[in-house]
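Data first, discussion second: the structure below is written as structure tokens.
The values are calculated or read from the model by the stated rules, or taken from the named source; none is laboratory data. A quick note: this is a predicted structure, and the numbers were derived from the prediction, not measured. Reconstructed Cβ throughout: ideal geometry from the backbone, glycine too, with neighbour counts over all protein chains shown. Protein only, heavy atoms only, side chains kept; ligands, DNA and RNA dropped before computing areas. Shrake-Rupley method; radii C 1.70, N 1.55, O 1.52, S 1.80 Å.
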Amino acid sequence: MRSFYDDLADDYHLMFQDWDVSMEYQATVLSAVIEAGTKRSAGRVLDCSCGIGTQAIGLARLGGASMIGTDLSPRAATRAAREATARGVSLPTAAADMRALPFAEGVFDVVLSADNSVTHLLTPDALTAGLAEMRRVLRPDGLLVLTVRDYDELRAKRPTTTSPQVSEQEAGRAIAFQLWHWHPDGERYDMEHFQLVPSGGDQWDVRVRRATYWALTRAQLAEFATAVGFRDVQWIEPPDSGYYQPILTAHR
């Protein structure tokens with residue numbers, strides 16, 4: 001997974017029609033979820049799968065939270081800090097596996113992992129380790145916020161592709177889409193991520209990257225969270241939150 005996100009780091013923003021607009025939208029929704037879950041200002045927030053900063057930068061720009069970002073990809077984490085500085089906010093970042101977070105116990109008010117990141121943990125042991133680490137670095141009563149794809153629906157339909165996403169760039173339109181190859185267990189799938197980037201005239205640069213996901217249902221993910229000691233595990237659905245993915249919240 002590190003090589004996948006290292007390779008994608010320079011191109012990640014091409015998945016959004018307008019990356020800054022998406023940052024603002026996601027931060028607005030996630031900030032409301034955090035406020036409702038903490039009943040006070042967000043305090044110290046760890047985004048433990050920060051990528052290039054889509055959620056963390058947006059939250060930092062809103063104010064009210066002291067953001068820190070970690071990511072498995074050193075290149076993504078480095079870019080996140082650079083992009084935050086370019087937008088006038090501070091985002092300290094580090095490269096770290098969410099199964100071994102480099103922080104003392106109980107130092108964060110909120111731990112966030114958005115955009116389907118936890119489903120890269122492909123085995124029960126790996127997922128348990130990741131969730132246990134998130135719980136460990138939370139203060140007592142601290143808030144966990146996870147967002148994942150709607151796998152209850154996707155596992156029933158088992159789609160093989162996603163709709164193309166178009167991003168307007170100076171050189172023209174960049175196009176991204178995915179092909180999904182489901183495993184025989186019906187729960188995991190290999191993803192081929194295609195980006196078609198204009199390279200001048202009528203030429204395209206085709207970039208293909210591959211990763212694997214565990215299509216965890218709401219019940220499965222909630223069960224794992226409860227098993228490592230989280231309480232008050234709840235799901236907030238897209239019609240209620242305005243977010244593009246289901247959101248799991250829980251407390252230490």
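When residues of the range 1-22 are filtered for being within 24 Å of ARG207 (Cα to Cα), hydrophobic (A, V, I, L, M, F, W, C) and either in a helix (DSSP H, G or I) or touching a Lys or Arg at 6+ places or on another chain (Cβ under 7 Å) (or both), how many remain?
Initially, the range 1-22 is screened for residues within 24 Å of ARG207 (Cα to Cα), giving 1-20, 22.
Remaining after also requiring hydrophobic (A, V, I, L, M, F, W, C): 1, 4, 8-9, 14-16, 19.
Of the ones still in play, those that are also either in a helix (DSSP H, G or I) or touching a Lys or Arg at 6+ places or on another chain (Cβ under 7 Å) (or both) are 4, 8-9, 14-15, 19.
Going through the range 1-22 one residue at a time, the tally reaches 6.
So which residues in the range 198-240 are in a strand (DSSP E or B), among the aliphatic types (A, V, I, L, M) and surrounded by 15 or more Cβ atoms within 10 Å (Cβ to Cβ)?
ALA211, VAL233, ILE236
LEU101 passes all but one of (1) part of a loop (DSSP other than H, G, I, E, B); (2) in contact with a Gly (Cβ under 8 Å, 6 or more places away or on another chain); (3) surrounded by 18 or more Cβ atoms within 10 Å (Cβ to Cβ); which number fails?
Every condition holds for LEU101 apart from (2).
Only one of GLY88, GLY64, GLY106 is modelled with pLDDT under 95 and more than 15 Å from the chain's Cα centre (by Cα). Can you tell me which?
Details: GLY88 fails: modelled with pLDDT under 95; GLY106 fails: modelled with pLDDT under 95.
Selected residue: GLY64, the only one of GLY88, GLY64, GLY106 that is modelled with pLDDT under 95 and more than 15 Å from the chain's Cα centre (by Cα).
Any residue at all in the range 174-190 that's open to solvent by 60 Å² or more (accessible area, probe 1.4 Å), at pLDDT below 95, in contact with a strand residue (DSSP E or B) (Cβ under 6 Å, 6 or more places away or on another chain) and among the aliphatic types (A, V, I, L, M)?
Checking the range 174-190: not a single residue is open to solvent by 60 Å² or more (accessible area, probe 1.4 Å), at pLDDT below 95, in contact with a strand residue (DSSP E or B) (Cβ under 6 Å, 6 or more places away or on another chain) and among the aliphatic types (A, V, I, L, M).
Any chance you could count how many residues in the range 58-98 are open to solvent by 60 Å² or more (accessible area, probe 1.4 Å), among the hydrophobic types (A, V, I, L, M, F, W, C) and in a loop (DSSP other than H, G, I, E, B)?
1
Name the single residue, out of those in the range 32-61 being hydroxyl-bearing (Ser, Thr, Tyr) and closer than 20 Å to VAL137 by Cα, that is modelled with the lowest pLDDT.
Only one residue fits best here, namely SER41.
With the structure loaded, tell me whether VAL29 is closer than 21 Å to SER241 by Cα, buried (at least 24 other Cβ atoms within 10 Å of the Cβ) and within 15 Å of the chain's Cα centre (by Cα) or whether it fails that test.
In short, no.
If I ask for residues that are aliphatic (A, V, I, L, M) and within 18 Å of ALA42 (Cβ to Cβ), which ones from the range 102-113 would you list? If you could, list the steps in order and put the result at the bottom.
Residues of the range 102-113 that are aliphatic (A, V, I, L, M), as a first pass: 104, 107, 110-112.
Of everything in the range 102-113, those that are aliphatic (A, V, I, L, M) and within 18 Å of ALA42 (Cβ to Cβ) turn out to be VAL107, VAL110, VAL111, LEU112.
Given the structure, is LEU122 out of contact with any helix residue (DSSP H, G or I) (no Cβ under 7 Å at 6 or more places or on another chain) and crowded, with 17+ Cβ neighbours inside 10 Å?
When the stated conditions are applied, LEU122 does not pass them.
With the requirement that a residue be in a helix (DSSP H, G or I) and not polar (S, T, N, Q), what does the range 104-132 give you?
Selection gives VAL118, HIS120, PRO124, ASP125, ALA126, LEU127, ALA129, GLY130, LEU131, ALA132.
Only one residue in ARG218, ARG207 is in contact (Cβ under 8 Å) with a residue 24 or more places away in the chain and over 19 Å from the mean Cα position of the chain (by Cα), so which one is that?
ARG207
Could you list, in sequence order, all residues of the range 150-174 that are of a type in the set (Ser, Thr, Tyr) and in contact (Cβ under 8 Å) with a residue 40 or more places away in the chain?
TYR151, SER167
Do you know which residues across the range 133-142 are assigned to a helix (DSSP H, G or I) and either β-branched (Val, Ile, Thr) or open to solvent by less than 40 Å² (accessible area, probe 1.4 Å) (or both)?
Passing the criteria: GLU133, MET134, VAL137.
With respect to the numbered conditions (1) surrounded by fewer than 22 Cβ atoms within 10 Å (Cβ to Cβ); (2) within 27 Å of ASP190 (Cα to Cα), which one is the sole condition not fulfilled by GLY106?
(2)
What do you reckon, is LEU72 of a type in the set (A, V, I, L, M) and in contact with a Phe, Trp or Tyr (Cβ under 9 Å, 6 or more places away or on another chain)?
Yes: the conditions hold for LEU72.
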